[in-house]
Amino acid sequence: MPLKKYTLLFIFPPKWAFTILIALTKIGFTVAFLDRKGMRRHPQWKNAIEKKILIQITQQPMKPFHSMGIAQAEHIITQLSNTREIRFLKKATDDKKADVIPKRLLAEKFLILFYALSTAKKLSHQSYVVSFEAIRLNQLCQKWGTAEKISIEKDAIIGADSSTLLATLRLISLSKKIIQTINRLIYLCYNILFTSKKTTPRAPQKIAISLGFPWQLKFNGPRAFHFLVDDQVLKKEDVLFCDEINISKNTLNEHRSHGWNFHEYYQNSTSILSKKQVLLLNSELKIIFNLWIKSAFASLDEISLSLIILGDEFISAIYLKQSTHTKVYVYTNKDYANQFAKNLALRYVGISSIWYPLFIGSPAIFDKTDSPHDKKEILWYGQNPTHMFLYSKAAADSHITHNQGTQHYHYHGPIFAELIINKILSHTTNDTPESKEHSLKISVFDTTYINSQICPTNYQHAITFLEDIYDLAQTFPMYGFNIKPSKPDSYFLSDTSLWASPKLGKKIVGNRKKLSTLHNVYLFSDNKDPIELIAESDVIITDGLSSPTADALSVGKKAFWYDPTHSHHGYPFDQAGFVAHGRNELKNKIQDLLNQPHEEYKTELRNNIYFKNFISPRINPGSLNKLRRTIKEETY
């Protein structure tokens, strides 16, 4: 049979594998690969993708792969619950749910495997998955079985039954684990031998706020990185910002000149140990030593990694405790296993953790009978902060189903509501020369688009959205339109962007520029603070069920979501009457909202059951103040 009838799907191939993939195409195979690193940034990969020599598939697994990955991980780890490594994991953290860390790590890998197998089927009838990790995961399923209603087609995985290959993989895995353990133990011994026993002055702040992403420094308005600090409940001198992203010295010096305090929060234990900045007690040494020793011989890679991570986070937590007076650690968006280990370690040293939301997204807002979205979300699985703040009761109910170790759930509405109200009450605006000409202002927010056909808000959706907003602005020349993009143009075009598309990306950027040529339109940059635009607008429109509309509704602003491609019918926000589909509904919605008296509109909003269950329990919810008070209470 001709080789061209066979398709090989590689899972996340490394850069050096390019020659192998190209060689396979030359002998007749069709070669595709899952990409999560943006391989287009490498010229040879980019050239092969654009010439369609290689098929690039950007990962966007939806229903039912999240649920399947979670179920299979739980099925396997539960059977290993009596192993000494799992028992010690729970004992060291004094937490019965500590095994959620290996469950989460394994769930992520199974999610990818199930998605890859499904994707391979769609590529051709004779497709095969190529991945060492797929072979290992298949072997786990052969040994421990599969969860209910789950099966793995091992014949679709190249090398699945090769005993030689399996033995080689086990040897490589063991070698890696031993090297990791030895490396850490060397640093641990170095610390024991050379760290000074003298105590150093501790930073006086009791509140540590994580800066874990560069985009947290993106805005300079009300949503600046220090928006939690109001100098009433939380005072500047009581807060320490943990630099976890290596902020440049110039930026740090600039912020410090305004009185902000920063702490260098090392991301790995070896950095702390090598700098001799932590003094470990015998009891702490015993736990860390045992975690790392047991990691070398754990029966499962994910259990081994969990023990390694937890040992690392114990050292980080102890360092934070010894170098500061921190009582509470506040973070957002760090929805991964390392953070779960960090929360357990922080709890061990007496520091509570608080997770707060920046976005409304949760499986709850996509819930309907025929939804393409999964009711489970891998990002929510296993969350375990002391306190979790959410927009709504529906979001809290969804989180609770994800095997979380969270101790306290709070759902008081969008936390940015108070910032919007304060901006309105300040009577200060950011009018542009163009917008001053118009007494009525409409702010339009797009969303984070994904260049994947199975994603409802894909690039074609973005093109249609911009075309419809252009038509809307032309239809109502008497209104001013403020356009706030979520991402810069480079997101769609740069080779370093995972979702770059020369053809569709160029069309999106072109539509943006065309829109900005209208006399009643002002196109802002992606770093424009959304709070300012919401506060000064009469109507707010958002694409993709993204958060600005929810934030606006929570303060009684006239707002809705726009669905240009009819992909959001039947979801809770649509049932609530908060979604317009297509150009005609878009124009009618604008007219209806502008004609409706504001008090009548707010009364309808208060009585809307979907508003109360999915967005905010009330208008002007005071959620940010509740978050601040909870942070303050944890310092006592």
Report task. Take N613 and decide whether it is over 26 Å from the mean Cα position of the chain (by Cα) and assigned to a helix (DSSP H, G or I). Result -> no
Query raised in the report: Are any of the residues in the stretch 231-239 closer than 19 Å to S323 by Cα, modelled with pLDDT of 95 or more, touching a strand residue (DSSP E or B) at 6+ places or on another chain (Cβ under 9 Å) and open to solvent by less than 40 Å² (accessible area, probe 1.4 Å)?
Result: yes
Query raised in the report: If we keep just the residues of the stretch 437-461 that are within 25 Å of the chain's Cα centre (by Cα) and β-branched (V, I, T), which is surrounded by the most Cβ atoms within 10 Å (Cβ to Cβ)?
Result: V444
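Yes or no, residue by residue, for (1) within 13 Å of D495 (Cα to Cα); (2) open to solvent by less than 60 Å² (accessible area, probe 1.4 Å); (3) outside any loop (DSSP other than H, G, I, E, B):
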site	(1), (2), (3)
T19	no, no, yes
A23	no, yes, yes
A32	no, yes, yes
R40	yes, yes, yes
Q44	yes, no, yes
I49	yes, yes, yes
K52	no, no, no
I55	no, no, yes
Q60	no, yes, no
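One line per residue, one yes/no per condition, for (1) open to solvent by less than 20 Å² (accessible area, probe 1.4 Å); (2) hydrophobic (A, V, I, L, M, F, W, C); (3) within 16 Å of I207 (Cα to Cα):
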position: S295; (1), (2), (3): yes, no, no
position: D301; (1), (2), (3): no, no, no
position: G311; (1), (2), (3): yes, no, no
position: H325; (1), (2), (3): no, no, yes
position: V328; (1), (2), (3): yes, yes, yes
position: N333; (1), (2), (3): no, no, no
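Determine whether the stretch 616-636 contains at least one residue that is part of a helix (DSSP H, G or I), among the hydrophobic types (A, V, I, L, M, F, W, C) and within 23 Å of Y571 (Cβ to Cβ).
Taking the stretch 616-636 and keeping what is part of a helix (DSSP H, G or I), we get 623-633.
Next, only the ones that are among the hydrophobic types (A, V, I, L, M, F, W, C) stay: 624, 627, 631.
If we keep only those that are within 23 Å of Y571 (Cβ to Cβ) too, we end up with none.
For the stretch 616-636, residues part of a helix (DSSP H, G or I), among the hydrophobic types (A, V, I, L, M, F, W, C) and within 23 Å of Y571 (Cβ to Cβ): absent.
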Query raised in the report: Taking the stated definitions as given, is F225 within 24 Å of the chain's Cα centre (by Cα) and hydrophobic (A, V, I, L, M, F, W, C)?
Result: yes
Query - Hits in the stretch 270-283 (condition: assigned to a helix (DSSP H, G or I) and either surrounded by 17 or more Cβ atoms within 10 Å (Cβ to Cβ) or touching a Lys or Arg at 6+ places or on another chain (Cβ under 8 Å) (or both)) - result: T270, I272, L273
Report task. Would you mention how many residues in the stretch 209-236 are touching a helix residue (DSSP H, G or I) at 6+ places or on another chain (Cβ under 7 Å), within 13 Å of R628 (Cα to Cα) and of a type outside the set (D, E, K, R)? Result -> 5
Requested in this report: Within the stretch 213-220, identify whether any single residue is open to solvent by 30 Å² or more (accessible area, probe 1.4 Å), outside any loop (DSSP other than H, G, I, E, B), under 27 Å from S486 (Cβ atoms) and aliphatic (A, V, I, L, M), and answer yes or no.
Outcome: yes
Report task. Looking only at the stretch 324-332, decide whether some residue is modelled with pLDDT of 90 or more, of a type outside the set (A, V, I, L, M), part of a helix (DSSP H, G or I) and over 30 Å from Q139 (Cβ atoms). Result -> no
Report task. Of all residues in the stretch 62-96, count the ones that are in contact with a Gly (Cβ under 9 Å, 6 or more places away or on another chain) and open to solvent by 40 Å² or more (accessible area, probe 1.4 Å). Result -> 3
Query raised in the report: In the stretch 182-202, is there at least one residue being part of a helix (DSSP H, G or I), hydroxyl-bearing (S, T, Y) and over 31 Å from the mean Cα position of the chain (by Cα)?
Result: yes
Query raised in the report: Just one of the numbered conditions (1) open to solvent by 10 Å² or more (accessible area, probe 1.4 Å); (2) touching a helix residue (DSSP H, G or I) at 6+ places or on another chain (Cβ under 6 Å) is not true of G350; which one?
Result: (2)
Report task. Output the residue which, of all residues in the stretch 323-347 that are touching a Ser or Thr at 6+ places or on another chain (Cβ under 8 Å) and charged (D, E, K, R), is farthest from T635 (Cα to Cα). Result -> K334
Query raised in the report: Within the stretch 530-552, is there a residue that is farther than 30 Å from N220 by Cβ and either touching a helix residue (DSSP H, G or I) at 6+ places or on another chain (Cβ under 7 Å) or in a loop (DSSP other than H, G, I, E, B) (or both)?
Result: no
Query raised in the report: How many of the residues making up the stretch 579-598 are out of contact with any helix residue (DSSP H, G or I) (no Cβ under 7 Å at 6 or more places or on another chain) and within 18 Å of S616 (Cβ to Cβ)?
Result: 1
Query raised in the report: Among (1) surrounded by 16 or more Cβ atoms within 10 Å (Cβ to Cβ); (2) touching a residue at least 60 places away in the same chain (Cβ under 8 Å); (3) under 17 Å from L553 (Cα atoms); (4) not aromatic (F, W, Y), where does N620 come up short?
Result: (1)
Report summary line: Scanning the stretch 166-205 for residues that are surrounded by 15 or more Cβ atoms within 10 Å (Cβ to Cβ) and charged (D, E, K, R) gives K177, R184
Requested in this report: Filter the stretch 462-484 for residues that are surrounded by 21 or more Cβ atoms within 10 Å (Cβ to Cβ) and within 25 Å of the chain's Cα centre (by Cα) and give the result.
Outcome: A462, F465, I483, K484
Report summary line: Considering the stretch 120-169, residues that are of a type in the set (D, E) and part of a helix (DSSP H, G or I), and then whichever is nearest to the chain's Cα centre (by Cα), we arrive at E133
**Report entry** Selection count, the stretch 588-636, where residues are in contact with a His (Cβ under 8 Å, 6 or more places away or on another chain) and on the phi > 0 side of the Ramachandran plot
**Finding:** 1
Query - I112, sole failed condition from (1) closer than 26 Å to S163 by Cβ; (2) in contact with a helix residue (DSSP H, G or I) (Cβ under 6 Å, 6 or more places away or on another chain) - result: (2)
Query raised in the report: Can you name the residue in the stretch 137-165 that is among the charged types (D, E, K, R) and under 23 Å from H125 (Cβ atoms) and, of all such residues, is surrounded by the fewest Cβ atoms within 10 Å (Cβ to Cβ)?
Result: D155
Report task. Having 2 or more residues that are touching a residue at least 60 places away in the same chain (Cβ under 8 Å) and in contact with a His (Cβ under 6 Å, 6 or more places away or on another chain) is the bar; report the strands (runs of 3 or more DSSP E) wholly within the stretch 363-473 that clear it. Result -> 387-390
Report task. Among the residues of the stretch 375-431, write down those that are open to solvent by 60 Å² or more (accessible area, probe 1.4 Å), more than 19 Å from the chain's Cα centre (by Cα) and of a type in the set (A, V, I, L, M, F, W, C). Result -> I424, L425
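Output yes when any residue across the stretch 491-499 is open to solvent by 10 Å² or more (accessible area, probe 1.4 Å), of a type in the set (F, W, Y) and not in a loop (DSSP other than H, G, I, E, B), and no when none is.
Yes.
The values are calculated or read from the model by the stated rules, or taken from the named source; none is laboratory data. Note that the structure is predicted; figures quoted are calculated from it, not measured. Counting neighbours? That spans all protein chains shown, and the Cβs are built from the backbone with ideal geometry, glycine included. SASA here: full protein model, heavy atoms, side chains in, ligands and nucleic acids out. Shrake-Rupley method; radii C 1.70, N 1.55, O 1.52, S 1.80 Å.
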